[in-house]
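Here the structure comes first, spelled out in structure tokens, and everything after it is commentary.
The values are calculated or read from the model by the stated rules, or taken from the named source; none is laboratory data. Please read all numbers here as calculations on a predicted model, not as lab measurements. In this analysis, Cβ positions are derived from the backbone assuming ideal geometry, glycine residues included, and neighbour counts consider all displayed protein chains. Surface areas here come from the heavy atoms of the whole protein model, side chains and all, with no ligands, DNA or RNA. Shrake-Rupley method; radii C 1.70, N 1.55, O 1.52, S 1.80 Å.
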Amino acid sequence: MKSRKLWKWAFLLAIGFSLFFGGKSQSVQAASKGELKIGMEANYPPYNWTQSTKAHGAVPIDGSKQFANGYDVQIAKIIGKKLHRKVVVEKTEWDGLLPALTSGKIDLIIAGMSPTAQRKKAINFSAPYRKSTFVVIVNKNSKYANAKTVNDFKGAKITAQQGTLHYGLIKQLKGAHREPAMRDFPSMRESLSAGTIDGYVAEDLEYISYKRVNPNIKEVVLKGQNGFHYPASDGETSIGVKKGNDQLLAQVNQILSGISNAKRNQLMKAAIVQQPQTETKTQNWFVTIMKTYGSMILSGVGMTLLLALVGTIVGFVIGLLVGIVRTIPTPTARFKRWGLKFVKWLLSVYVEIFRGTPMMVQAAVIYYGIAQLWHLNLNRTVAALIIVSINTGAYLAEVIRGGIISTPTGQFEAASALGMTHSQKMWHIILPQAIRNCLPSITNEFIVNIKDTSVLSIISVSELFFVGTTIASQTFEFFQTYFIISLIYLILTFSITRIFNWIEKRLEGPQNYNLMANQVQTVAPKLSKEVSHD
Amino acid sequence: MTEPSLLTVSHLQKKYGDHQVLKDISFDLKKSEVLTIIGPSGGGKSTLLRCVNLLEQPTSGQIKFHQENVLDSGFNQNRYRAKVGMVFQQFNLFSNKNVLQNCMIGQELVLKRSAEQARKIAIANLEKVGMAPYRNAKPRQLSGGQQQRVAIARAVCMDPDILLFDEPTSALDPEMVGDVLASMKRLAQSGLTMMIVTHEMAFAKSVSDQIIFMSQGVITEQGTPQQLFEKTQTPELTKFLQHFRQEAI
């Protein structure tokens, strides 16, 4: 009987693995024939940004109700039109762009990216579609505002965007402190105005854009002998194409050569004018944000709740099954014993791996890795659900195992003495008690999930934190936006704690019991004294 | 009168590593007999009982139940356990179930009785120990003596061939002991085969057909209550009983 169950386990496991890794039904290349999938941050005005309407010829962002616009989007539209393919924007974090392209999740990177030698090792680049210069952006009243050469930045705290060549240029500023790189321009703008940095290296365009919303900044142009030195191509901006996709590369180059300089400048000027501005502050900021982004925040809350809820429930089921298997007593038969030992070993490997690595890393490995190795294009929400579930499962497996072993041995023995089988003992006696005792830890895990799903922004799942980042980058109201977001997190976790406390109470059952008046006796019987001590 | 034995234990040994807890234990239990095991703490009484119920795996020896060897690899241990009930020192009522459910669950799962039938039997047996009015209470809401009486009812509900009692009154306050012993005595009188580990000498004397005195893992003396209490043979038992005689009021 036990061995049959064991086989059932092995079978389920095998199915799980084959579903996970084996299916090649959905080929990435085939799926993208009709649409032209463009990867960009949609968070780097005036090249690309996110907006809530399709005004000024914006393009919908895949998997959301938002739209992308900007210089990159307009260039993408020209390419799409010539190729007779519908342009779809895949909003992707900067660090995720290259893996997304090499794994085939996107067809082109049009994201204000420069064709550096290092990147050229991984992907191919088109001819440039924009040339620019690098500047240091500082506050107008800063002591570095009048700097002329790379030698004038002694002691200055300078940063740049993570993974960009701007960050490498800081080394040329003699005596400057290279601060940790930041994720995006909005955070650098915020740091600059908050005074935590003295300046950041960016393109002249960033200066033009930022100047429109914040007149208190100044650009320091470093040219000539004592200026920045970099290969000519670094100032260029090109379109990234997957290696081996030479046909598409040729087509893109041909289309780019057909766009005149005048047309390019016109597009860039339009982008600078249209890029998101800080709104005129006539209304309360809270009302403004909620009015403009209320539905977006709500959908972020929905996604966060979905991830946390499904993740915790599926994780609980996984944890329960793993916890049960790991506490099965060693059978006497030799074959069963080795089989069980092997399954237990597999499960402990699972627990160790998923407890021992950050969920963010798991997300990146699973989402991009599966696409790259098996050409299986997982929907990112599905990927997120899978990741949260198996991650939670690994934690809860240990929690439940702990709950099972901490149930008093007397409970096991009393059940054994009645002749119950192992599974009867587990389902009717041990697990109800173990789960009840584990509830506080499960609540904990649920709350952790609500907060920690924010790391899934690395695969661009639009949960609450991702939404918050997007709003902040559009409104430049960092404190206000994140304040609202943190308030929502608090409300969510607080309500969930209450709900679980209620469930815990319910599981304890009624505290009152009424003495049952029965027909035979209504009082406790008088017991004969004959057998008491003599 | 040569009725076959219900339970025959022969040459039973139990070792924990090098420590030998039971050394060559043999005895016989006939239907409707009450066998009491007495002896100093650490003498192996509880271990013997737990070996009979297979809560501990004996190291060597034989346990025959209805002439069948319980320790054979093909033997259905769960079915055996259902017929050999056990009442524990610490009661061990299922804390997630109320009194009635505690008495019903074994009947339903193991004996496959219907809920209706199980309920009837449970209430009847709870009434016998005076606990029927408490059927909706959870174990932790009851006193020790009440819990132990429920535990006895739970075991009796399974219609066991033998009922084992592992120091059933040792964890109880003195004023609770009487109720539990009264319930046990009534069971003994009803013809149930019982094997009891206890420190209640007066009780042992009054209900037992056979008494085993165990010390240091061996059966030192064995016989009827009269033989052991009136015509004590060994110095060990004399010393052991002296302790109780001093205490008696």
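Overview of values
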read-out: Pair list, Cβ under 6 Å, 6 or more apart: the range B:182-194 residue closer than 13 Å to B:G85 by Cα and at pLDDT 90 or above, other residue of a type in the set (D, E) and not in a helix (DSSP H, G or I); value: B:T193/B:E33
read-out: Residue in the range B:67-81 that is of a type in the set (K, R) and more than 7 Å from chain A (Cβ to nearest Cβ) present; value: no
read-out: Neighbours by Cβ (under 8 Å, 6+ apart or cross-chain): first from the range A:497-513, assigned by TED's automatic domain parsing to the domain that holds A:A308; second at pLDDT 85 or above and in a loop (DSSP other than H, G, I, E, B); value: A:G509/B:N98; A:G509/B:K138; A:Y513/B:N98; A:Y513/B:N136; A:Y513/B:A137; A:Y513/B:K138
read-out: Counted residues, the range B:115-142 - those being closer than 13 Å to B:N98 by Cβ, within 9 Å of another protein chain (Cβ to nearest Cβ) and not in a helix (DSSP H, G or I); value: 5
read-out: Condition broken by A:L373, with the remaining ones in (1) touching a residue at least 12 places away in the same chain (Cβ under 8 Å); (2) under 21 Å from the mean Cα position of the chain (by Cα); (3) part of a helix (DSSP H, G or I) satisfied; value: (1)
read-out: From the options B:N53, B:N98, B:N92, residue that is in contact (Cβ under 8 Å) with a residue 12 or more places away in the chain, crowded, with 17+ Cβ neighbours inside 10 Å and more than 18 Å from the chain's Cα centre (by Cα); value: B:N98
read-out: Members of the range A:133-172 found to be within 26 Å of A:A117 (Cα to Cα), open to solvent by 60 Å² or more (accessible area, probe 1.4 Å) and not in a loop (DSSP other than H, G, I, E, B), listed by number; value: A:K171
read-out: Boolean, A:G175 is open to solvent by 30 Å² or more (accessible area, probe 1.4 Å), at positive phi and either small (G, A, S) or touching a Ser or Thr at 6+ places or on another chain (Cβ under 6 Å) (or both); value: yes
read-out: Positions within the range A:392-409 being part of a helix (DSSP H, G or I) and open to solvent by 10 Å² or more (accessible area, probe 1.4 Å), in sequence order; value: A:Y395, A:E398, A:V399, A:R401, A:G402, A:I405, A:T409
read-out: In the range A:71-112, the residues that are part of a helix (DSSP H, G or I) and within 22 Å of the chain's Cα centre (by Cα); value: A:W94, A:D95, A:G96, A:L97, A:L98, A:P99, A:A100, A:L101, A:T102
read-out: Residue check, B:M131 under 14 Å from B:L35 (Cβ atoms), buried (at least 21 other Cβ atoms within 10 Å of the Cβ) and either at pLDDT below 95 or in contact with a Cys (Cβ under 7 Å, 6 or more places away or on another chain) (or both); value: no
read-out: Residue among B:K112, B:K31 that alone is in contact with a Leu (Cβ under 6 Å, 6 or more places away or on another chain), part of a loop (DSSP other than H, G, I, E, B) and either away from chain A (no Cβ under 11 Å) or open to solvent by 60 Å² or more (accessible area, probe 1.4 Å) (or both); value: B:K31
read-out: Given (1) more than 14 Å from chain B (Cβ to nearest Cβ); (2) assigned to a helix (DSSP H, G or I); (3) without any contact (Cβ under 8 Å) to a residue 40 or more places away in the chain, index of the condition A:L378 fails; value: (2)
read-out: Checking B:C157 against (1) more than 22 Å from B:S46 (Cα to Cα); (2) more than 20 Å from the chain's Cα centre (by Cα), the condition it does not meet; value: (2)
read-out: Enumeration of residues in the range B:223-241 that are among the polar types (S, T, N, Q) and open to solvent by 80 Å² or more (accessible area, probe 1.4 Å); value: B:Q226, B:Q227, B:Q233
read-out: Filter result (more than 29 Å from A:K425 (Cβ to Cβ) and buried (at least 17 other Cβ atoms within 10 Å of the Cβ)) within the range A:325-371; value: A:M359, A:Q362, A:A363, A:A364, A:I366, A:Y367, A:Y368, A:I370, A:A371
read-out: Unmet criterion (only one of (1) in contact with a helix residue (DSSP H, G or I) (Cβ under 8 Å, 6 or more places away or on another chain); (2) surrounded by fewer than 17 Cβ atoms within 10 Å (Cβ to Cβ)) for A:R498; value: (1)
read-out: Selection from the range A:412-429 of residues that are part of a helix (DSSP H, G or I), within 9 Å of chain B (Cβ to nearest Cβ), closer than 13 Å to B:I105 by Cα and open to solvent by less than 50 Å² (accessible area, probe 1.4 Å); value: A:A414, A:A415, A:S416, A:A417, A:Q424, A:I429
read-out: Single residue of A:D107, A:D72 found to be of a type in the set (D, E) and within 21 Å of A:K263 (Cβ to Cβ); value: A:D72
read-out: Hits in the range B:89-109 (condition: in a helix (DSSP H, G or I) and either touching a helix residue (DSSP H, G or I) at 6+ places or on another chain (Cβ under 7 Å) or within 7 Å of chain A (Cβ to nearest Cβ) (or both)); value: B:V99, B:L100, B:N102, B:C103, B:M104, B:I105, B:G106, B:Q107, B:E108, B:L109
